[in-house]
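Everything below concerns the one structure shown next.
The values are calculated or read from the model by the stated rules, or taken from the named source; none is laboratory data. As the structure is a computational prediction, the values presented were derived from the model and not from experiment. Counting neighbours? That spans all protein chains shown, and the Cβs are built from the backbone with ideal geometry, glycine included.
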Amino acid sequence: MHEDIAKVLIAEEVIEKRLDVIARKVHADFADEDSLQVVALLKGAFVFMADLLRRVPLRLEVECLNVASYHGGTESSGQVDFLDRKLPDVNGRCVLLIDDILDTGRTLAAVTAKLREMGAREVKTCVLLTKDKKRAQEVEADYSGFEIGDEFVVGYGLDFDGKYRNLPYVGVLDPSIISS
């Protein structure tokens, strides 16, 4: 365990097993599609996306969107910024939107609305973590790996100030790191 981690919340082996379950559900839901458009939100979802999609035996097209709502802090700023100039062509497509964590709901709601506005035929959402809390936007993920408490977590793609994304587990960051 990394010295900045107060506790491991979800071990690597537990994540691996849950990915198999989610992949089977995604495959079952989209098995009749010629191809599935996957849109992953950077940077937090890249580890989750890669490990999940290797388990989904469908023809996939993968795009990444760069969006920001935390802007370096530990809480959402309340504003979702689309940082890419060009967005993927989703017109008439079924889309699987992948994000790292469902927290306030703002990011998932904003990106889902944008994809629908761009003509997506269907948008299903998939997150590694769902925080058990009241959301600023009423939104739930179609697929969720784990429900967690309202703690600040890092690892498995999630970061604090750009660090800890490479940890193979989800852990709670030592509060002294956040306050320093």
Open item on the list: I'm trying to understand the selection: among the residues of the stretch 142-155, which are modelled with pLDDT of 95 or more, in contact with a helix residue (DSSP H, G or I) (Cβ under 7 Å, 6 or more places away or on another chain) and either over 27 Å from residue 122 (Cβ atoms) or surrounded by fewer than 21 Cβ atoms within 10 Å (Cβ to Cβ) (or both)?
Closed with: 143, 146
TODO: Go through the stretch 136-173 and give me each residue that's farther than 24 Å from residue 24 by Cβ and of a type in the set (S, T, N, Q).
DONE: 137, 166
Task: Positions within the stretch 65-89 being under 27 Å from residue 133 (Cα atoms) and either surrounded by 13 or more Cβ atoms within 10 Å (Cβ to Cβ) or at pLDDT 65 or above (or both), in sequence order - done: 65, 66, 67, 68, 69, 70, 76, 77, 79, 80, 81, 82
TODO: Any residue in the stretch 105-125 that's farther than 21 Å from residue 26 by Cβ and in contact (Cβ under 8 Å) with a residue 12 or more places away in the chain: show its pairings with residues that are among the small types (Gly, Ala, Ser) and surrounded by 15 or more Cβ atoms within 10 Å (Cβ to Cβ) at Cβ separation under 7 Å, as long as the two are six or more apart or on different chains.
DONE: 106/69; 106/76
Open item on the list: Just to verify a result, which residue in the stretch 166-180, among those that are aliphatic (A, V, I, L, M) and modelled with pLDDT under 90, is surrounded by the fewest Cβ atoms within 10 Å (Cβ to Cβ)?
Closed with: 178
